[in-house]
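> The following block contains the structure, expressed as structure tokens.
Each reported figure results from applying straightforward, stated rules to the coordinates on display, with no laboratory input. Everything numeric here is computed off the predicted structure, so don't read it as measured data. No Cβ is skipped: glycine too gets one built from the backbone with ideal geometry, and neighbour counts run over all protein chains shown.
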Amino acid sequence: MIRANKNWHIRIDINSMAKTPPFSLISTKKIIQMNDVWTSYDSQSYALEGVNLSIDRGTNYAIVGQSGSGKSTLLKLMNGMMTPSKGAIKIDYLTPNMNNKKFKKIMHTIGYIPQSLGLVKNVSVLDNILIGALPRLNKLQSILKQFPEHEIQEAKRILKLVGLSGKESRKAYMLSGGEKRRVAIARALMQKPTILLADEIVSELDHVTSREIMNLVLDAQKKMNLTAIMVHHDMKLALEFANRVAVIKEGQKILEIGVEGDTIVDFQTGDMSIEEIMEMYNTDSKE
Amino acid sequence: MKYIPTALWAMLETLQMAFIGTVIGVVVGLPLSMLSARNLNSKYVYAPTRALLAIIRTFPSILWALLFVIMVGLGPYAGVLAIVMYTIGFVTKLQYESIETIDSDPMDAVSSIGVSKFQLIRYVVLPESASHLLGQILYMFDYNVRQTSILGIVGAGGIGFFIINYIKFFEYGKAAIFLVIVLITVLIIDWVSVKIRDKYIIKSQHGVEVKRKKSLFS
């Protein structure tokens, strides 16, 4: 099996060659791979129906779809919070499994921002951000809530980065919608992530604030060279900020496009214009 | 009037018993309520813990007191043990139910980081449910003071021991003085717990915001 370690060196493990995953393309670049993934919440219907997905390291990826199309389910599969009913998933060449120590290490570096943000309401902004550093604490430090000085400094640096300095002692419930999103992003960045998963974090915000938040994520993505996977229901926003967009409809991936400047490359039908894509998406939405 | 100092001392003993009983009961009960919460454990953990707590809860405090009087003899020690057992059975039920009602979103978000269960409890569950837990502990102490006053009836110490003896010997006047002392104490505790609630519980449930908005118009 060929596997990339953190320094991008390629290691060939002859003993595990037999266990090579059944993916056609094995490359050190792929950070997330899904092969014919099916999931269901009940026995009657499937939330995802045979999704294939392959995401390169460092991509700014967007998943677009309407409510109930299976976008959030897709994200939950990517951080190991859900397991597929059928099919295979590999995150950094490992099958998600909460009981696997190796995968737990990967989980530490997957920043996940749910649609509801998941902030702890009754604690301060700084404490919320420091939650991202919990995997790096030993048992005694966890019990005593003793974060090392360098972690606190790092949290303050990130706080400044997201534009919230001076508000570290505010309780999370006192913040505005935009500020709460910044805290959630800061918590994810505090994990020193390699993957950032965000579920419709700008859907309820006004135009200006949502652009600010998206730019913030984009900046962080470039600076930290992380793989950002963001779920949107706004196609325009996805085309503006992402360099690869997948469209999900009724649990199936109906389209995957790459965005390079103004040109859009459809991986199934060839080049298309933004107008054509928008029109196609709108027609789909109306159905 | 000369009975008042005796009554006050007996009341103080009752308060001490209730306080120690509540503290030990809560310290033992809190980990048990974490083990009984369905949103934190698998059914192989919460089902047996809940069964154990249900057994403890089956006995009323007076029965526990009788049992401990037989085991450790007459006096406040038996009373404290009875209060501890009753508190464990009762407060854990209140607490695991309020832990189960906390918002699942922060729990999901934080557990997706891959933190340990202890860290999840320490950094999410406790802060999110703190105001409920504190309210329940105050309620339990209030309840235990009244309970402890009765436990003396079976010889488990405290002011109840005096009250039941005065009633037995038809000295209703003296019994009434002791009962009034109990009443005044319960009222004081009620007042103090309202103050504590105002300071810590209402505040953590957006009370500060409400007050600030009010002052804009006043």
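> Report the charge-dipole magnitude of the stretch B:1-103 in Debye, nearest 20, computed about the Cα centre from +1 at each Lys and Arg Cβ and -1 at each Asp and Glu Cβ. Don't jump to the answer; show the numbers that get you there.
On the way: 6 positive and 4 negative charges, 37 e Å.
Here the stretch B:1-103 has a charge dipole of around 180 debye.
> OK, next. Summarise the long-distance tail of P(r) for the stretch B:43-149 by giving the % of C-alpha pairs beyond 18 Å.
60 percent
> Could you give the dipole magnitude of the protein assembly as shown about its Cα centre, charging the beta-carbon of Lys and Arg +1 and that of Asp and Glu -1, in debye to the nearest 20?
Here the size comes out at about 2020 debye.
> Also, I was wondering about something else. With 10 angstrom as the radius, rank B:SER98, A:SER43, B:SER36, A:SER69 by how many other C-beta atoms surround their C-beta, starting from the fewest.
A:SER43, B:SER98, A:SER69, B:SER36
> Could you please rank A:ILE229, A:ILE131, B:ILE121, placing first whichever residue has the fewest other Cβ atoms within 10 Å of its Cβ?
B:ILE121, A:ILE131, A:ILE229
> With a point put 7 Å past each Cα toward its Cβ, work out how far A:TRP38 is from B:ILE20 in nm, to one decimal.
6.5 nm
> Which value, in debye to the nearest 20, gives the size of the charge dipole of the stretch B:94-151 about its Cα centre, when Lys and Arg are +1 and Asp and Glu are -1 at the Cβ?
Details: 3 positive and 7 negative charges, 63 e Å.
For this selection, approximately 300 debye.
> Same structure again: So how far apart, in nm, are the two label points at A:SER45 and B:TRP9 if each is 7 Å from Cα heading toward Cβ?
Once both label points are built, they end up 7.5 nm from each other.
> First select every other residue whose beta carbon is under 11 angstrom from the beta carbon of B:ASP190; then total the charges, Lys and Arg +1, Asp and Glu -1.
+2
> By counting other Cβ atoms within 10 Å of each Cβ, how are B:PHE161, A:PHE241 ranked from fewest to most?
In increasing order of surrounding Cβ atoms, one gets A:PHE241, B:PHE161.
> Percent relative contact order of the stretch B:50-204, based on C-alpha pairs within less than 8 angstrom and at least six residues apart?
Rounded, it is 24 percent for the stretch B:50-204.
> Give the Cα extents of the stretch A:40-131 along the principal axes, in whole Å, largest first.
42, 31, 29
> If N is the number of residues in chain B, what value comes out of its Cα radius of gyration divided by 2.2 N^0.38 Å?
The value comes to 1.22.
> Sticking with this one: Pull up all non-local amide H partners of A:LEU255: gap of 5 or more, or a different chain, and H-to-H distance under 5 Å with H placed in the peptide plane.
Amide H neighbours of A:LEU255: A:VAL247.
> Label-point separation (nm) for A:GLN252 and B:LEU67, each offset 7 Å from Cα along Cα-to-Cβ?
Taking the two extended label points, one gets 6.3 nm.
> Can I ask one more? Give, as ranges by residue number, the residues of the stretch A:113-131 whose backbone N falls under 16 Å from the point 7 Å along Cα→Cβ of A:SER176.
Under cut-off, by backbone N: nothing.
> Based on the alpha-carbon gyration tensor of the stretch A:68-120 and its eigenvalue square roots a ≥ b ≥ c, which shape applies: rounded if a/c is under 1.5, prolate if not and a/b is larger than b/c, or oblate?
It is oblate, given that a/c is not under 1.5 and a/b is not larger than b/c.
> Would you mind pulling out the separation of the Cα centroids of the stretch B:9-40 and the stretch B:45-72, in Å?
One Cα centre to the other: 13 Å.
> Compute the angle between helix B:61-72 and the longest alpha-carbon principal axis of chain B, please, reported from 0 to 90 degrees and rounded to the nearest 10.
For helix B:61-72, the angle is close to 70 degrees.
> Which value in deg cm²/dmol, rounded to the nearest 500, describes the helix-derived mean residue ellipticity at 222 nm for the protein assembly as shown, given -39,500 (n - 2.57) per DSSP H run of n ≥ 4 and division by the residue count?
It lands at -16500 deg cm²/dmol.
> So if R0 is 51 Å, what FRET efficiency would B:SER104 and B:LYS2 give, r being the distance between their Cβ atoms, rounded to the nearest 0.05?
After rounding, the FRET efficiency stands at 0.25.
> Taking every pair of alpha-carbon atoms in the stretch A:143-223, what share in percent sits in each 10 Å bin, from 0 to the bin with the longest distance?
The calculated distribution, bin by bin, is 16, 50, 29, 5, 0.
> Which one of B:ALA78, B:ALA54, B:LEU35 is farthest out on the positive end of the charge dipole of the stretch B:1-131, using unit charges on Cβ (Lys, Arg +1; Asp, Glu -1) and the Cα centre as origin?
Of B:ALA78, B:ALA54, B:LEU35, it is B:ALA78.
> Something else: Can you compute 3J(HN,Hα) from phi for each residue in the stretch A:94-106, using the Karplus curve 6.51 cos²θ - 1.76 cosθ + 1.60 with θ = phi - 60°, rounded to whole Hz and x for Gly and Pro?
Taking θ as phi minus 60°, the curve returns 10, 6, x, 7, 4, 8, 8, 4, 5, 5, 4, 4, 5 Hz for the stretch A:94-106.
> Let me ask something else. Which net charge results when you count Lys and Arg as +1 and Asp and Glu as -1 among the other residues whose beta-carbon is under 11 Å from that of A:GLY68?
Working: positive: A:LYS71, A:LYS249; negative: A:GLU250.
Charge balance near A:GLY68 sits at +1.
> Okay, moving on. Could you tell me which of A:TRP38, A:GLN146, B:VAL69 has its Cα farthest along the dipole of the protein assembly as shown towards the positive end, charges placed at Cβ (Lys, Arg +1; Asp, Glu -1), taken about the Cα centre?
Checked the options; the winner is B:VAL69.
> Something else now. Can you give the direction-averaged projected area of the convex hull of the alpha-carbon atoms in the stretch A:95-189, in nm²?
For the stretch A:95-189, the mean projected area of the Cα convex hull comes to 6.8 nm².
> Within the stretch B:33-83, list the trypsin sites (Lys or Arg not before Pro) lying in a DSSP loop whose Cβ has at most 16 other Cβ atoms in a 10 Å radius.
Sites meeting the loop and neighbour criteria: B:ARG38.
> Residues with beta-carbon under 13 Å from that of B:GLY25, excluding B:GLY25: net charge, scoring Lys, Arg +1 and Asp, Glu -1?
Taking every other residue near B:GLY25 into account, the sum is +2.
> Percentage of Cα-Cα pair distances in the protein assembly as shown greater than 28 Å, rounded to whole percent?
Counting every Cα pair in the protein assembly as shown, those more than 28 Å apart make up 64 percent.
> What is the stretch B:1-78's relative contact order, in percent, from Cα pairs under 8 angstrom and six or more apart in sequence?
19 percent
> Which whole-number percent gives the relative contact order of the stretch A:128-265, counting Cα pairs below 8 Å spaced six or more residues apart?
About 19 percent, as a whole number.
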